Amino acid sequence: MKSPLLTLPGAVPAEGVDEGVAAHYGDLFREQRALAEGTGFVDLSHRGVVTVTGDDRLSWLHLLLTQHVTDLPAGQATEALILSAHGHIEHALYLVDDGSTTWAHVEPGTQEALIAYLESMKFFYRVEVADRTDEFAVVQLPAGSIAEVPDGVVVRETAYGRDLFLPRADLESYAEKAGPAAGILAYEALRVEHHRPRLGFETDHRTIPHELGWIGTAVHLQKGCYRGQETVARVHNLGKPPRRMVFLHLDGSEVHLPPHGTELRLADDGPDGRKIGFVTTSVRHHELGPVALALVKRNVPVDARLMADTTAAAQEAVVEP
């Protein structure tokens, strides 16, 4: 779905999974600084929007999600995962309930598979699931923003900003009031700075929540009865995850950032050393320079110097070994 805000001056379209919104509007670092200072907004209108209505919506979702949502207060934001039977991450949902409807935004293009799964689990529960992506666009106001929110708009407020479920027809008119616009690259740079994992970037087909620090924020350890819960409990109580997420400071002399999937090796082992992980997201940050998130094997020493292909990288632990 192509955003109308791609017609704003300087807009450069994003590519890949974020296609449909702007990568930037001409000045990546200015846009990052604006967001960090609490001004402007980010167009996330390419993300999927799913709603669940009905008297049983929260108790039903509680059975399916990794998060405790039975008594979720109206207006309180949370996030949750859907796991496979083996505990691998399949979906990430960013949720808020307005008292009558549970709203969620999800990764672009994942809403159809999510809805198909939810529909298959309805049974006799009084719930209705709907794809609202054509009707509503997600817009984020950064933390500290004093921009006004239109009456009647559902808001999901977190420490990182406010997610607005804005009627898609109002997107252009709201942008005129909430500007300046910041592109998805600025948003991603701050996400990496805050060590926040993203489905499809920090995850692959075998990722479990413990590897990314999603325990506690998206996974409630005192609830059970959801698919994959046995794996979550077993790893938490009896073992360690096979991999861990790290934050990388990359060599600033390199012209190109290592793309997603770039293999990591121990610097002391040279270019022929064994693979010990891979880069998940790399960005240029307005203060930190080139940085990245990555997944490495749990037993990699926390002080080991790494190489992302030919780029030197120093690591900071996000998930402790």
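What accessible area, in Å² to the nearest ten, does a 1.4 Å probe give for D18?
10
Could you check which residue among V153, V296, V69 shows the biggest mean-square fluctuation in a GNM of the chain with a 10 Å Cα cutoff?
Of V153, V296, V69, the most mobile in the Gaussian network model is V153.
Mind ranking R126, R206 by accessible surface for me, highest first, 1.4 Å probe?
Result of the area sort, largest leading: R126, R206.
Counting heavy atoms of the protein chains only and a 1.4 Å probe, report the per residue accessible area for the chain as a whole number of Å².
Value returned for the chain: 45 Å² of accessible area per residue.
Largest first, how would F29, F278 line up by accessible area (1.4 Å probe)?
Per-residue accessible area, sorted high to low, gives F29, F278.
Quick one: which residues, 5 or more positions from G228 or on another chain, have an amide H under 5 Å from its amide H? H modelled 1.01 Å from N in the peptide plane, none for Pro or chain starts.
Counting only residues 5 or more places away or on other chains, the set is G87.
Carbon and sulfur together cover what percent of the accessible area of the stretch 208-257 at a 1.4 Å probe radius?
53
Can you list the HN-Hα couplings for the stretch 250-266, worked out from phi with the Karplus curve (6.51, -1.76, 1.60; θ = phi - 60°), rounded to whole Hz and with x for Gly and Pro?
8, 4, x, 7, 6, 6, 9, 7, x, x, 3, x, 4, 6, 9, 9, 5
Based on a Kirkwood Rh over C-alpha pairs, give the Stokes-Einstein translational diffusion coefficient of the chain at 10 °C and viscosity 1.306 mPa s in µm²/s.
The calculation lands on 77 µm²/s.
With θ taken as phi - 60° and the coefficients 6.51, -1.76 and 1.60, list the Karplus ³J(HN,Hα) couplings across the stretch 120-137 in order, rounded to whole Hz; mark glycine and proline as x.
6, 10, 5, 6, 9, 6, 8, 9, 10, 10, 9, 8, 10, 4, 5, 9, 10, 10
Mean separation of Cα pairs under 8 Å and 6+ residues apart, divided by the residue count of the stretch 9-51: what relative contact order is that in percent?
31
For the chain, with only Lys/Arg (+1) and Asp/Glu (-1) charged at the beta-carbon, what is the dipole magnitude about the Cα centre, in debye rounded to 20?
In total the dipole reaches around 940 debye.
Which whole-Hz ³J(HN,Hα) couplings does the stretch 230-238 yield from phi under the Karplus relation 6.51 cos²θ - 1.76 cosθ + 1.60, θ = phi - 60°, glycine and proline marked x?
4, 5, 4, 5, 5, 5, 5, 8, 10
I'd like the per residue volume of the convex hull spanned by the Cα atoms of the stretch 119-275, given in cubic angstrom.
206
Just to verify a number: FRET efficiency for R305 and F124, C-beta to C-beta distance, R0 = 51 Å, to 0.05?
Step by step, r from the Cβ atoms, then E = 0.35.
How high is the relative contact order of the stretch 93-160, in percent, with contacts defined as C-alpha pairs under 8 Å that are six or more residues apart?
Normalised by residue count, the contact order of the stretch 93-160 is 27 percent.
Given a 10 angstrom Cα cut-off, can you work out which residue in T203, T102, T158 is the most mobile in a GNM of the chain?
Maximum among the listed residues: T158.
Find the relative contact order for the stretch 70-214 and round it to a whole percent, using C-alpha pairs within less than 8 Å whose residues are 6+ positions apart.
Computed value for the stretch 70-214: 22 percent relative contact order.
Could you order the peptides 30-41, 4-15, 106-117 from most to least packed, using the average number of other C-beta atoms within 10 Å per residue?
By packing density, highest mean first, the sequence is 30-41, 106-117, 4-15.
Heavy atoms only, probe 1.4 Å: what % of the accessible area of the stretch 9-167 goes to carbon and sulfur, would you let me know?
Heavy-atom surface of the stretch 9-167 belonging to carbon and sulfur, 1.4 Å probe: 52 percent.
Among the trypsin sites (Lys or Arg not before Pro) within the stretch 224-278, which fall in a DSSP loop and have no more than 12 other Cβ atoms within 10 Å of their own Cβ?
Sites meeting the loop and neighbour criteria: R274.
If V139, V235 are ordered by their accessible area, calculated over protein heavy atoms with a 1.4 Å probe, which sequence runs from highest to lowest?
Reading off the accessible areas and sorting them downward yields V235, V139.
Determine how large the accessible area of Y187 is when every protein chain is in place; take a 1.4 Å probe and give Å² rounded to the nearest 10.
So the heavy atoms of Y187 present about 40 Å² to solvent.
The values are calculated or read from the model by the stated rules, or taken from the named source; none is laboratory data. Quick caveat: nothing in here was measured; it's all calculated off a predicted structure. So basically every Cβ, Gly included, is an ideal-geometry build from the backbone, and we count neighbours across all protein chains shown. For accessibility, only protein heavy atoms count, side chains too; no ligands or nucleic acids. Shrake-Rupley method; radii C 1.70, N 1.55, O 1.52, S 1.80 Å.
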